[in-house]
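J.: This is the structure I have questions about; it appears just below.
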Amino acid sequence: MSDAASNHAAKLQPRSRGRGRKTLKAIWSCRYLYLLMAPALAWYIVYRYVPMLGTQIAFKNYSFSKGILGSPWAGLKHFAFLFSFPDFYNIVRNTILINIYNLLFEFPIPIILALMLNELRSLKFKKTIQTVVYFPHFLSWVIFGGLMIQFLSPNEGFVNKIIEFFGGDAIFFLSRTEYFRGIVVITNIIKETGWGAIIYLAALSGIDPALYEAAIIDGASRTQKLLYVTLPGIMNTIIIMLILRVGYLLDVGFEQIYVLYNAAVYEVGDVLSTFIYRIGIQDMQFSLTTAIGLFQSVIGFLLIWGTNRLARRYSDVSMW
Amino acid sequence: MANTATASAARRPGGERIYTNNALIGAVLILFAIVTFIPFYYAIMASLSDPKLVSEGELLLYPRGFSIAAFRRILENSRFLICFKNTVLRTLIGTAVNLTVQSSIAYSLSRKYLPGRKFFMLFIIFSMMFNPGIIPTYLVVKATGIINSLAALIIPAAISTWNIILLRNFFEAIPESIEESAKMDGANDIRILVSIVLPLSLPSLATIGLFAAVMHWNSFMDAVIYVTSQDKHVLQVFLRDMIVQLQNAYMFGDPLSMTDVSSLSLRTASVVVSTIPIVAVYPFIQRHFVRGIMVGAVKG
């Protein structure tokens, strides 16, 4: 009532100056809130938006003395160099292959783990398993990777002890190009599966129990319940996680590779982030590596946009 | 509900198969749990063993010749101590900075009457859409003059947009009437945040804080990129140097490159010491954060 009345009053005074003053007054009354936001906004400008502007050095010949704005333009020189550089294709291939292997093997396992945990009746058992399998997520790759390297070591690692026990010859896994990507995927599975299952467990707990009751009344078997109630119930979550994953197709975590790899396996293990680090930070090729980063971001953005469109067309899920 | 479901299913013909299935699921889960736990268990056992008796690659179910010599040695290593101190400092200051900066902006964004709220939300969310990449960020960190200092590990990592959104959701759930009555009494927004809103949100702050602390403790990439001098390094870099020595020793079969510091017991002892803080906060993380993620996931 009073709202309508004040609206009416506002219409009776059509001068915009009055409204402008009102806005100013509203802003002034929130001055402390703006003050609270100021440090974070400054952070976003300096550490997010300025670097975005800084990506222009991908099209320049960056030099320290001239700075980002003052360095001379170089056109597409760095991109032309990249696309004629055989190593670059190799690195992109490594990055994509590791991600595809992860998508095939590492992506479905947390779903299976969540489904298995969901079948458990004993709450105590379930809690214990969860406590153990979530834990490695909280260790750094340096620690976890270090332990893995020790396990895979040529003469003394567990894995080789087992191989030798069965009469095989010890293998120096981490120096063999044919094993490296597999090791990356398997260690990733051991470390992150538990944590990855949480989101699916959340989705599972959100399924309406009435659906199961109805299925039981209809005489559904356990497998049928899984296929017709449980899986459809978490399908949206699976699709969203998949979209996010595809968006990261050119992104392999720096820390895992950096800890596990060595010069003997660069050929199969070097990915975009480790390459950018070695060539960019260590050899100071800033423009060239910024070009790689830009390539990576643009492709990533297109991929996430594309999969989102596909998901929207063929299902009712999308991220926006 | 699900309990009655299995019970009734089990009574039907073919019920026995269901029990074997359950046993199978249990066995697979136990196996997976063992695989994830073995590496860490092994590290504890090796670090507690007598350095003279333990050799690489032995399966240790219990420490061989119990000894804490390795821990004593690692705690006497000056480089380890410097790195440990830097990591503790980084974690404490970094977490405090994270919480202060993030809860301040999150509170402002949670006030629905704030003029420009939508714009500011977009402003922070858009930053997640496009990642400028390692090098431009590095150049900015360098330009702001904090490179090769503790600040380089704290300031660029001060904000995670997800955390701001989570905190904002928590703050939005606090009834507005509390804020209004405080305003009547003449309190300004900062006062309200500090003396009313934050005390009411302690569980959520603890969750976000724990997460920030674990992130700081484990973070490795920024230390490698932003810090070059030895005396400013963090634990993760110390541990990684040990691994490199180990890899070189395997690679070139050179026992000399394997210094005393990277011997098995010292290596595992430093891993254990570096993990103790994580183990200490793990029960709290599990309790709060798992629930937090669940709520976030359900909310969409």
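J.: Taking residue A:188 as meeting all but one of (1) facing chain B (nearest Cβ under 10 Å); (2) among the polar types (S, T, N, Q); (3) under 28 Å from residue A:262 (Cα atoms), write down the number of the exception.
T.: Condition (1) is where residue A:188 drops out.
J.: Shifting gears a bit: Give just the number: which of (1) more than 9 Å from chain A (Cβ to nearest Cβ); (2) among the polar types (S, T, N, Q); (3) in contact with a helix residue (DSSP H, G or I) (Cβ under 6 Å, 6 or more places away or on another chain) does residue B:236 not satisfy?
T.: Condition (1) is where residue B:236 drops out.
J.: Filter the stretch A:271-284 for residues that are of a type in the set (A, V, I, L, M), in contact (Cβ under 8 Å) with a residue 24 or more places away in the chain and either assigned to a helix (DSSP H, G or I) or not assigned by TED's automatic domain parsing to the domain that holds residue A:96 (or both) and give the result.
T.: A:272
J.: Moving on to the next point. Hey, among A:259, A:268, which residue is closer than 20 Å to residue A:192 by Cβ and either touching a residue at least 40 places away in the same chain (Cβ under 8 Å) or not in a helix (DSSP H, G or I) (or both)?
T.: A:259
J.: Could you check the stretch B:180-200 and list, in sequence order, the residues that are without any contact (Cβ under 8 Å) to a residue 60 or more places away in the chain and away from every other protein chain (no Cβ under 11 Å)?
T.: Within the stretch B:180-200, B:180, B:181, B:182, B:184, B:185, B:186, B:195, B:196, B:199, B:200 qualify.
J.: Here's a follow-up. Name the residue that is surrounded by the most Cβ atoms within 10 Å (Cβ to Cβ), counting only residues in the stretch A:270-320 that are over 17 Å from residue B:221 (Cα atoms) and aromatic (Phe, Trp, Tyr).
T.: Among them, the one singled out is A:286.
J.: So in the stretch A:200-210, with the set limited to residues that are within 10 Å of chain B (Cβ to nearest Cβ) and part of a helix (DSSP H, G or I), which one is nearest to the chain's Cα centre (by Cα)?
T.: A:200
J.: Follow-up. Just checking, which of B:170, B:123 is at pLDDT 90 or above and surrounded by 14 or more Cβ atoms within 10 Å (Cβ to Cβ)?
T.: It is B:123.
J.: Still on this structure: Does residue A:287 satisfy the condition of being within 21 Å of residue A:76 (Cα to Cα) and not assigned by TED's automatic domain parsing to the domain that holds residue A:54?
T.: Spelling it out, residue A:287 is indeed within 21 Å of residue A:76 (Cα to Cα) and not assigned by TED's automatic domain parsing to the domain that holds residue A:54.
J.: Name the residues in the stretch B:122-165 that are assigned to a helix (DSSP H, G or I) and either of a type in the set (Asp, Glu) or within 16 Å of residue B:99 (Cβ to Cβ) (or both), would you?
T.: B:154, B:161, B:162, B:163, B:164, B:165
Residues checked against (1) crowded, with 21+ Cβ neighbours inside 10 Å; (2) at pLDDT 90 or above:
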{"residue": "A:168", "(1), (2)": "no, no"}
{"residue": "A:173", "(1), (2)": "yes, no"}
{"residue": "A:184", "(1), (2)": "yes, yes"}
{"residue": "A:200", "(1), (2)": "yes, yes"}
{"residue": "A:214", "(1), (2)": "no, yes"}
{"residue": "A:217", "(1), (2)": "no, yes"}
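J.: Hey, another quick one. Between B:238, B:211, which is surrounded by 21 or more Cβ atoms within 10 Å (Cβ to Cβ), within 30 Å of residue B:174 (Cβ to Cβ), of a type outside the set (Ser, Thr, Tyr) and at pLDDT 75 or above?
T.: That would be B:211, the only listed residue that is surrounded by 21 or more Cβ atoms within 10 Å (Cβ to Cβ), within 30 Å of residue B:174 (Cβ to Cβ), of a type outside the set (Ser, Thr, Tyr) and at pLDDT 75 or above.
J.: Might you let me know whether the stretch A:31-42 holds any residue that is under 22 Å from residue B:106 (Cβ atoms), among the charged types (D, E, K, R) and at pLDDT below 95?
T.: For the stretch A:31-42, residues under 22 Å from residue B:106 (Cβ atoms), among the charged types (D, E, K, R) and at pLDDT below 95: present.
J.: Testing residue B:185 on (1) over 30 Å from residue B:149 (Cβ atoms); (2) modelled with pLDDT of 90 or more; (3) surrounded by fewer than 17 Cβ atoms within 10 Å (Cβ to Cβ), one condition comes back false. Which one is that?
T.: Among (1) over 30 Å from residue B:149 (Cβ atoms); (2) modelled with pLDDT of 90 or more; (3) surrounded by fewer than 17 Cβ atoms within 10 Å (Cβ to Cβ), residue B:185 violates only (2).
J.: Being more than 10 Å from chain A (Cβ to nearest Cβ), under 30 Å from residue B:138 (Cα atoms) and in contact (Cβ under 8 Å) with a residue 40 or more places away in the chain is the requirement here; does residue B:166 meet it?
T.: yes
J.: On the given criteria, is residue A:62 outside any helix (DSSP H, G or I), out of contact with any strand residue (DSSP E or B) (no Cβ under 6 Å at 6 or more places or on another chain) and either within 11 Å of chain B (Cβ to nearest Cβ) or closer than 20 Å to residue A:274 by Cβ (or both)?
T.: When the stated conditions are applied, residue A:62 passes them.
J.: Out of curiosity, is residue B:42 among the hydroxyl-bearing types (Ser, Thr, Tyr), within 14 Å of chain A (Cβ to nearest Cβ) and under 17 Å from residue A:156 (Cα atoms)?
T.: Considered against the rule, which asks whether it is among the hydroxyl-bearing types (Ser, Thr, Tyr), within 14 Å of chain A (Cβ to nearest Cβ) and under 17 Å from residue A:156 (Cα atoms), residue B:42 comes out as yes.
J.: What is the residue count in the stretch A:221-252 for residues that are within 26 Å of residue A:101 (Cβ to Cβ), more than 11 Å from chain B (Cβ to nearest Cβ) and modelled with pLDDT of 90 or more?
T.: Result for the stretch A:221-252: 3.
J.: Give the residues of the stretch B:102-135 that are among the basic types (Lys, Arg) and more than 7 Å from chain A (Cβ to nearest Cβ), sorted by residue number.
T.: Selection gives B:112, B:117, B:118.
J.: Does residue B:242 satisfy the condition of being in contact (Cβ under 8 Å) with a residue 24 or more places away in the chain, farther than 21 Å from residue A:137 by Cα and assigned to a helix (DSSP H, G or I)?
T.: yes
J.: What number goes with the only condition from (1) part of a loop (DSSP other than H, G, I, E, B); (2) away from chain A (no Cβ under 14 Å) that residue B:61 does not pass?
T.: Every listed condition holds for residue B:61 apart from (2).
For (1) on the phi < 0 side of the Ramachandran plot; (2) surrounded by fewer than 21 Cβ atoms within 10 Å (Cβ to Cβ); (3) more than 8 Å from chain B (Cβ to nearest Cβ); (4) without any contact (Cβ under 8 Å) to a residue 12 or more places away in the chain, each residue gets a yes or a no:
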| position | (1), (2), (3), (4) |
| --- | --- |
| A:75 | no, yes, yes, no |
| A:95 | yes, no, yes, no |
| A:107 | yes, yes, yes, no |
| A:116 | yes, yes, no, yes |
| A:135 | yes, no, no, no |
| A:143 | yes, no, no, yes |
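J.: Among the residues of the stretch B:51-60, are any of a type in the set (A, V, I, L, M), crowded, with 17+ Cβ neighbours inside 10 Å and modelled with pLDDT of 95 or more?
T.: Checking the stretch B:51-60: not a single residue is of a type in the set (A, V, I, L, M), crowded, with 17+ Cβ neighbours inside 10 Å and modelled with pLDDT of 95 or more.
J.: Which one of these is touching a residue at least 60 places away in the same chain (Cβ under 8 Å) and either in a helix (DSSP H, G or I) or under 25 Å from residue A:139 (Cα atoms) (or both): A:190, A:216, A:162, A:243?
T.: Exactly one of A:190, A:216, A:162, A:243 is touching a residue at least 60 places away in the same chain (Cβ under 8 Å) and either in a helix (DSSP H, G or I) or under 25 Å from residue A:139 (Cα atoms) (or both), namely A:243.
J.: For a quick check of your reading of the model, give me the residue pairs whose first member lies in the stretch B:67-86 and is more than 13 Å from residue B:239 (Cα to Cα), whose second is assigned to a loop (DSSP other than H, G, I, E, B) and at pLDDT 85 or above, with beta-carbon atoms closer than 7 Å and at least 6 apart or on different chains.
T.: That search, which allows pairs on different chains as well, returns B:86/B:233; B:86/B:234.
The values are calculated or read from the model by the stated rules, or taken from the named source; none is laboratory data. A quick note: this is a predicted structure, and the numbers were derived from the prediction, not measured. A quick note on method: Cβ atoms are made from the backbone with ideal geometry, for glycine too, and the neighbour counts reach across all protein chains shown.
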